[in-house]
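**Q** Below is the structure I would like to discuss, written out as C-alpha cells.
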Amino acid sequence: MFQLLAWVLTIQILGLAAFPLVSQIVPNLRDKGFTISKLVALSSLGLTSWLISMLGISGPSGRVLLAITLIFICISTYIGLKHISQILYFFKREWKLICAAELIYLVILGIFALFKFNDPSINHTEQPMDLAFLNAAMGAGNGGPLDPWMRGEQISYYYFGYWIFGNIGSLTFTRPEITYNLSLIFIPALMGTAVFGLASSLLPHSTKIRSLIGVGVISSVSTIFLSNLYGGLSFVAQNRMANSAFWDKICIEGLGSTTARAVDSWRPIEFWWWFKSSRIVNFFGESCDKQGIDYTINEFPFFSYLLGDLHPHVMGGPFLIMFCTLCLGASFRGSPSKLNKSTLSLIILIAISGATVSFVNMWSIPVVVTILLFIYLLRWISGYEQGILNSMLVPVSSIFLAAIFLSPFLFNFQSSVTGLQPSPVQTGMIHFLIVWGPLLILVVPYIVSQFWTTPLSVKWKESLLVASIVAFSPWIIRGLLPGSISPDGPGFTGVAVPITALIFICTSTAMSKIQSAGLARESIVLLLMSLGLMLVLIPELIYVGDVYGNRMNTVFKFYYQAWILLAVSIGVIVHFCAQKYHLTTNKNRWLLRFWGACSLAILLMAMYYAPAAIATKTNESHFKSFDGLIFLDEKSSDTRNAINFARSEISRSDGLVEAVGEWGDSGIISMNTGIPSVINWPGHQKQWRGDSINIEQRVLDVKTIYETFDVNLAKELLAKYQVKYIIVGPKEAQAYGTLGLSKFESMGTRIFGSQPNIEIYRLEN
C-alpha cells in the first residue's frame, strides 16, 4: 500500500509541476491542459532520462531521476510565478471542472487498485515478456536497456512505455514486480482523466459546467469500461435465452444453446470465459467451433486492463489522448505559426508528445502523423494560417524534432515487417457488429444527422474532393499492391463498402462545416470519428506483413486505437442528442426516444462485461498483494530466492545461460533480473528481429552447453557469448537431461542452491 501512495504522490507532484508549462502553450483549452499535465510530465521525464542514458552519461538511477525532477520543478515554478495571477484565476473559475477530473482519476485508480490487489500474479500470456522488458528498463545503464533474452544486443522492440513507468518505479524505490502492477493501475486512471479533458474541450467554451462534466464523465466511462457485445451474449447463452438457430447465425466459438446454465450465478462461470471477447472476428469453415483462417485479435481497453499484459498498445492509450489534446489546443491558436518563442514552445511540446506516442507504440505513428498534418492543413483551409508553407511550419518541425529525439533507437531498430499486403479476407458483418455495435449505435446516427443538417458550402467541390481522397485512399493503396486482385480474394461485400461510405459522409460534412464556419469543435469531433473509422477500414483492404503472414496484428493494433478515438466522442454525441431532444417538438420526439431506448439497451449489454469479468478474474485468484511474483512463494519459493540472489549478487554485464523455451516461466531468472541470457523466447525474438540475427544457432549453442560432456567445448561457447553464470534447475534438467549437468561442478563454483532445486554456478577463468 505504501508504494501505491508513493506513486500517487509522485505522479501528482509531476503533474502539478508540468501544468504551468502546459497552460501557457495551449491556453485555449477549457482545462488549459490540466488533465494531460501528468502525462506530459511522464513523457518529459522519460524522454530526458532516456536520452541521457543513450548518450552514455548515466542510467535511470533514482538519483538521476530525482535530479531531473527537481530541475523540472524549478523551471515550472519560475514560469508559474511569472503567470501566477492567470493560474490562480483559472483555478478559481474552473475549480469544479478540475475537481471532477481529479475525482474521475481517483475513482478509476481505486477500482483498478482494488482489482490488481486481488489479481496480482504475473504468470500468463505475454506478462513474462513485459516483466522482462520492465526489468531491463529499470536496470539500464549507459546506452539504454539490454535485451534480457538476447545477450549482447539491445531490445529490438518499442520499449519506451516500460522505460516511462520504470522511471516512476525507480524514483519511488519500487521493485519491478510491484511496478508492473502499479503501472496497470495508473494507465486506466491516466487514460480516464485525459479522455475527460479532451471530451470536455470538444465542446464550446460557452457550454455550462454541468454539461461539460457530464460529457467528460460519459466519454471517460465509455472509453475505460465499455466492451463489445460478447459479454452480453455470454449472459444470454449462460441462461439459455436463445435457440440454436440464433447461435448458428452468431457463430462464435464456445457460444451456443448447449452452454451450461448456472442458476445460482449472474455471470458465466467457465474458466477465462471473458478472454474470448478479444477473439470474435474470424472466418469460419463448416463449424463455428473451428478456428478459421482469419483468427484475429480485437482487444479493447477494458479487456487489456483485465488481461494484465503491460503491452505497448495498452501503455500507449493515454499518451495518444495526450497528443490529440495538444493538437486540439494547437488547432485553435489565434496567431499564425511564425517562429517565435510561443511557437517554438509548441513545437517542442508536440515533438515530445509525438515522440512519446510513437516510441511507446510504433503502430501509432501513422495516426500521429495524420492528425498533426491534417490539423494544420485544416488551419490553412479555414484561414488560420496565411499560406501552405506557414501552415506546415509546426507539424513538419515537430515531426523532424521528434525523429531526432528517437534517432538513437531508430538507427539500431530491427523489424520483421515485410511491407504492405492485400488483405485476403474481410470481416463478417455479424462479427463486425458484435465488436463495434456499442459504439456505432451512437456514432452512425450522429454522423448521418450532422450530414443531413449541414448544407453544402460554396466550395462543395473541394469538400467532396478531400472526402474522396480520405475515404478511398486505402482502396487506391490496395489496388497498387501486387496480387491485390485475386479470384480467391474477398468480394468486398462485407463491411468495407459501408465503412467507406460512412468515412466519405463524415469527412465531407466536416469539410463543409469548416469552409462555412471555420475550424469549429464539432468539425474536430467528426474528423476524429473519420480517423477512427479509417483505422477500422484499413485491415479490410490491406495489412502490414510480418512473421504471422496475415492481418492479425494490423486488426489488433488499429482496432485498439480506433476504439479509443470513437469512444472519446460518446459524451459529445449524448450531449448533442440531449440538445436535439429539447429543441424537437413533442410530436417528433418518438424517433429520438426509440433510438435512445435501443442505444441504452445495447450500451447496458456492453457494460455488463466489466463487472462480470472482474468478478470471474478475481474469484480465480486467492492472492492479496501488489507483488506480481507472490505466486512463486507458493509455487516455487526456491525460484524466488534464486531471483533475489541473482538481483543482489550478479552484475548485468556478466550474463547468464538458462534453458530456452517459449511462454510461461521460460527464462525466469533473466526475466526477473534483467541479466541478459544467451537466448530465450526465440519465437518472440523472430517477431521482433526477423532474420537479422541467427537465433536458431543460439538455441543450438545453449543446448550444446547443457548436454555436452566436453568441458572445453562448453567453455568455448560460454566465452563466445561472454557469459559467466550458469543456471541449473528442474527446467534445465527437463529440457536437456541430467547427464551433462554434472560437468558444471568442475567448470566453476556453485554460489547458490543445491540439487534438485535451482543452482547457480559462476564460471571460473
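**Q** State which residue pairs qualify: first residue touching a residue at least 40 places away in the same chain (Cβ under 8 Å) and hydroxyl-bearing (Ser, Thr, Tyr) and inside region 644-669, second residue crowded, with 20+ Cβ neighbours inside 10 Å and assigned to a helix (DSSP H, G or I) in any location, beta carbons under 9 Å apart, and separation of 6 or more residues or different chains.
**A** Ser666/Pro128; Ser666/Lys731
**Q** Scan region 203-223 for residues that are surrounded by fewer than 24 Cβ atoms within 10 Å (Cβ to Cβ) and either of a type outside the set (Gly, Ala, Ser) or within 21 Å of Arg279 (Cα to Cα) (or both) and report the count.
**A** To start, the set of residues in region 203-223 that are surrounded by fewer than 24 Cβ atoms within 10 Å (Cβ to Cβ) comprises 203-211, 213-214, 217-218, 221.
Still in the list and also either of a type outside the set (Gly, Ala, Ser) or within 21 Å of Arg279 (Cα to Cα) (or both): 203-205, 207-210, 213, 217-218, 221.
So the answer is 11.
**Q** Ok, one more. Please find, among Gly152, Gly166, Gly161, Gly143, the residue that is surrounded by fewer than 24 Cβ atoms within 10 Å (Cβ to Cβ), closer than 18 Å to Ile52 by Cα and among the small types (Gly, Ala, Ser). Give the steps one after another, and end with the answer.
**A** Values: Gly152 fails: closer than 18 Å to Ile52 by Cα; Gly166 fails: surrounded by fewer than 24 Cβ atoms within 10 Å (Cβ to Cβ); Gly161 fails: surrounded by fewer than 24 Cβ atoms within 10 Å (Cβ to Cβ).
Residue meeting the stated conditions: Gly143.
**Q** Of all residues in region 208-252, how many are without any contact (Cβ under 8 Å) to a residue 40 or more places away in the chain, part of a loop (DSSP other than H, G, I, E, B) and of a type in the set (Val, Ile, Thr)?
**A** 0
**Q** Let me ask another. Scan (1) assigned to a helix (DSSP H, G or I); (2) surrounded by fewer than 21 Cβ atoms within 10 Å (Cβ to Cβ) for the single condition Val394 breaks and write down its number.
**A** Here Val394 clears every test but (2).
**Q** On the basis of being of a type in the set (S, T, N, Q), farther than 19 Å from Trp563 by Cβ and assigned to a strand (DSSP E or B), does Gln421 make the cut?
**A** Here the answer is yes, as Gln421 does meet what is asked.
**Q** Any residue in region 141-169 that is of a type in the set (Lys, Arg) sitting within a Cβ distance under 8 Å of a residue that is in a loop (DSSP other than H, G, I, E, B)? List the pairs, counting only those 6 or more apart or interchain.
**A** That search, which allows pairs on different chains as well, returns Arg151/Gly655; Arg151/Pro676; Arg151/Val678; Arg151/Ile679; Arg151/Tyr721; Arg151/Gln722; Arg151/Val723.
**Q** Ok, one more. Whether any residue in region 673-691 is part of a helix (DSSP H, G or I), among the basic types (Lys, Arg) and touching a residue at least 40 places away in the same chain (Cβ under 8 Å) is what I want to check.
**A** First, the residues of region 673-691 that are part of a helix (DSSP H, G or I): 673, 682-689.
Going one step further and asking which of them are among the basic types (Lys, Arg), we end up with 686, 689.
Subsequent filtering for residues that are touching a residue at least 40 places away in the same chain (Cβ under 8 Å) retains 686, 689.
Looking through region 673-691, at least one residue is part of a helix (DSSP H, G or I), among the basic types (Lys, Arg) and touching a residue at least 40 places away in the same chain (Cβ under 8 Å).
**Q** Show the residue pairs that are 6+ apart or on different chains and have beta-carbon atoms under 9 Å apart, the first residue being within region 327-342 and modelled with pLDDT under 80, the second being assigned to a loop (DSSP other than H, G, I, E, B) and charged (D, E, K, R).
**A** Pro336/Glu385; Ser337/Glu385
**Q** Just to be sure, is Gly428 over 23 Å from the mean Cα position of the chain (by Cα), under 30 Å from Leu604 (Cβ atoms) and of a type in the set (Gly, Ala, Ser)?
**A** Details: over 23 Å from the mean Cα position of the chain (by Cα): yes; under 30 Å from Leu604 (Cβ atoms): yes; of a type in the set (Gly, Ala, Ser): yes.
The answer is yes for Gly428.
For every residue, the table says whether it meets (1) in contact with a Cys (Cβ under 9 Å, 6 or more places away or on another chain); (2) of a type outside the set (Val, Ile, Thr); (3) assigned to a helix (DSSP H, G or I).
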position: Ile375; (1), (2), (3): yes, no, yes
position: Trp380; (1), (2), (3): no, yes, yes
position: Asn390; (1), (2), (3): no, yes, yes
position: Leu401; (1), (2), (3): no, yes, yes
position: Asn412; (1), (2), (3): no, yes, no
position: Pro438; (1), (2), (3): no, yes, yes
position: Ile447; (1), (2), (3): yes, no, yes
position: Ser463; (1), (2), (3): no, yes, yes
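**Q** Report whether or not Leu600 is without any contact (Cβ under 8 Å) to a residue 24 or more places away in the chain, crowded, with 21+ Cβ neighbours inside 10 Å and within 30 Å of Pro268 (Cβ to Cβ).
**A** On the way: without any contact (Cβ under 8 Å) to a residue 24 or more places away in the chain: yes; crowded, with 21+ Cβ neighbours inside 10 Å: no; within 30 Å of Pro268 (Cβ to Cβ): yes.
When the stated conditions are applied, Leu600 does not pass them.
**Q** Same structure, new question: Sort through Lys720, Lys724 and tell me the only one that's of a type in the set (Lys, Arg) and touching a residue at least 24 places away in the same chain (Cβ under 8 Å). Spell out how you get there, then give the answer.
**A** Working: Lys720 fails: touching a residue at least 24 places away in the same chain (Cβ under 8 Å).
Going through Lys720, Lys724 in turn, just one is of a type in the set (Lys, Arg) and touching a residue at least 24 places away in the same chain (Cβ under 8 Å): Lys724.
**Q** Check region 697-710 and report whether any residue there is closer than 22 Å to Glu759 by Cβ, touching a Leu at 6+ places or on another chain (Cβ under 7 Å), of a type in the set (Val, Ile, Thr) and surrounded by fewer than 24 Cβ atoms within 10 Å (Cβ to Cβ).
**A** Yes: region 697-710 contains one or more residues that are closer than 22 Å to Glu759 by Cβ, touching a Leu at 6+ places or on another chain (Cβ under 7 Å), of a type in the set (Val, Ile, Thr) and surrounded by fewer than 24 Cβ atoms within 10 Å (Cβ to Cβ).
**Q** Now for a separate question. Can you tell me which residue within region 692-710, out of those that are among the β-branched types (Val, Ile, Thr) and not in a helix (DSSP H, G or I), is modelled with the highest pLDDT?
**A** Restricting attention to region 692-710, the residues satisfying the condition of being among the β-branched types (Val, Ile, Thr) are 693, 695, 699, 702, 704-705, 708.
Next, from what is left, pick out any that are not in a helix (DSSP H, G or I): 693, 708.
Numbers: Ile693: 71, Thr708: 90.
My answer is Thr708.
**Q** Hey, any hits in region 750-758 for a residue that's free of Cβ contacts under 8 Å to residues at least 60 places away in the same chain, under 30 Å from Val417 (Cα atoms) and not acidic (Asp, Glu)? Walk me through it before giving the result.
**A** Quick first cut of region 750-758, residues free of Cβ contacts under 8 Å to residues at least 60 places away in the same chain only: 750, 754-756.
Keeping just the survivors that are under 30 Å from Val417 (Cα atoms) gives none.
The answer is no, given that none of the residues of region 750-758 is free of Cβ contacts under 8 Å to residues at least 60 places away in the same chain, under 30 Å from Val417 (Cα atoms) and not acidic (Asp, Glu).
**Q** Which residue pairs have Cβ atoms under 8 Å apart, sit 6 or more places apart or on different chains, and have a first residue in region 614-642 that is under 14 Å from Asn757 (Cα atoms) and a second that is hydroxyl-bearing (Ser, Thr, Tyr) and surrounded by fewer than 19 Cβ atoms within 10 Å (Cβ to Cβ)?
**A** From region 614-642, no pairs qualify.
For every residue, the table says whether it meets (1) in contact with a strand residue (DSSP E or B) (Cβ under 6 Å, 6 or more places away or on another chain); (2) farther than 22 Å from Gln722 by Cβ.
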{"position": "Phe626", "(1), (2)": "no, yes"}
{"position": "Phe631", "(1), (2)": "no, yes"}
{"position": "Asn641", "(1), (2)": "no, yes"}
{"position": "Ser651", "(1), (2)": "no, no"}
{"position": "Val657", "(1), (2)": "yes, no"}
{"position": "Gly661", "(1), (2)": "no, yes"}
{"position": "Ile668", "(1), (2)": "no, no"}
{"position": "Met671", "(1), (2)": "no, no"}
{"position": "Ile675", "(1), (2)": "yes, no"}
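Residue by residue, here is whether (1) among the acidic types (Asp, Glu); (2) modelled with pLDDT under 85; (3) in contact with a strand residue (DSSP E or B) (Cβ under 9 Å, 6 or more places away or on another chain) holds:
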| position | (1), (2), (3) |
| --- | --- |
| Ser398 | no, no, no |
| Ala403 | no, no, no |
| Leu406 | no, no, no |
| Phe409 | no, no, yes |
| Leu420 | no, no, yes |
| Ile434 | no, no, no |
| Thr454 | no, yes, no |
| Val458 | no, yes, no |
| Glu462 | yes, yes, no |
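**Q** Another one. How many residues are crowded, with 18+ Cβ neighbours inside 10 Å and not β-branched (Val, Ile, Thr) when one looks only at region 609-624?
**A** 5
**Q** Going through region 481-516 one residue at a time, which ones are of a type in the set (A, V, I, L, M), more than 31 Å from the chain's Cα centre (by Cα) and at pLDDT 80 or above? Steps first, please.
**A** First, the residues of region 481-516 that are of a type in the set (A, V, I, L, M): 481, 485, 495-497, 499, 501-503, 505, 510-511, 514.
Remaining after also requiring more than 31 Å from the chain's Cα centre (by Cα): 485, 514.
Residue satisfying the conditions is Ile514 alone.
**Q** Sticking with this structure for a sec: For region 169-179, give me the residue count where each residue is within 19 Å of Thr48 (Cα to Cα) and touching a Leu at 6+ places or on another chain (Cβ under 7 Å).
**A** 2
**Q** Follow-up question, since we're still on this one. What about Leu97, is it closer than 21 Å to Ala194 by Cα, touching an Asp or Glu at 6+ places or on another chain (Cβ under 9 Å), among the hydrophobic types (A, V, I, L, M, F, W, C) and modelled with pLDDT of 90 or more?
**A** Values: closer than 21 Å to Ala194 by Cα: yes; touching an Asp or Glu at 6+ places or on another chain (Cβ under 9 Å): yes; among the hydrophobic types (A, V, I, L, M, F, W, C): yes; modelled with pLDDT of 90 or more: yes.
Against the criterion (closer than 21 Å to Ala194 by Cα, touching an Asp or Glu at 6+ places or on another chain (Cβ under 9 Å), among the hydrophobic types (A, V, I, L, M, F, W, C) and modelled with pLDDT of 90 or more), Leu97 qualifies.
**Q** Exactly one condition in (1) among the charged types (D, E, K, R); (2) modelled with pLDDT under 85; (3) assigned to a helix (DSSP H, G or I); (4) surrounded by 16 or more Cβ atoms within 10 Å (Cβ to Cβ) is false for Arg478; which is it?
**A** Looking at each condition in turn, Arg478 falls short on (2).
**Q** Still on this structure: Please work out which residue is nearest to Leu5 (Cα to Cα), limiting yourself to region 85-128 and to residues that are touching a Lys or Arg at 6+ places or on another chain (Cβ under 8 Å) and assigned to a helix (DSSP H, G or I).
**A** Phe117
**Q** Show the residue pairs that are 6+ apart or on different chains and have beta-carbon atoms under 7 Å apart, the first residue being within region 523-535 and acidic (Asp, Glu), the second being surrounded by fewer than 24 Cβ atoms within 10 Å (Cβ to Cβ) and not in a helix (DSSP H, G or I).
**A** Taking only residues 6 or more apart or on different chains, not a single pair turns up.
The values are calculated or read from the model by the stated rules, or taken from the named source; none is laboratory data. Keep in mind that this is a model prediction, so the values were computed, not measured. Because the Cβ atoms are built from the backbone with ideal geometry, glycine has one as well, and the counts that use them run over all protein chains shown.
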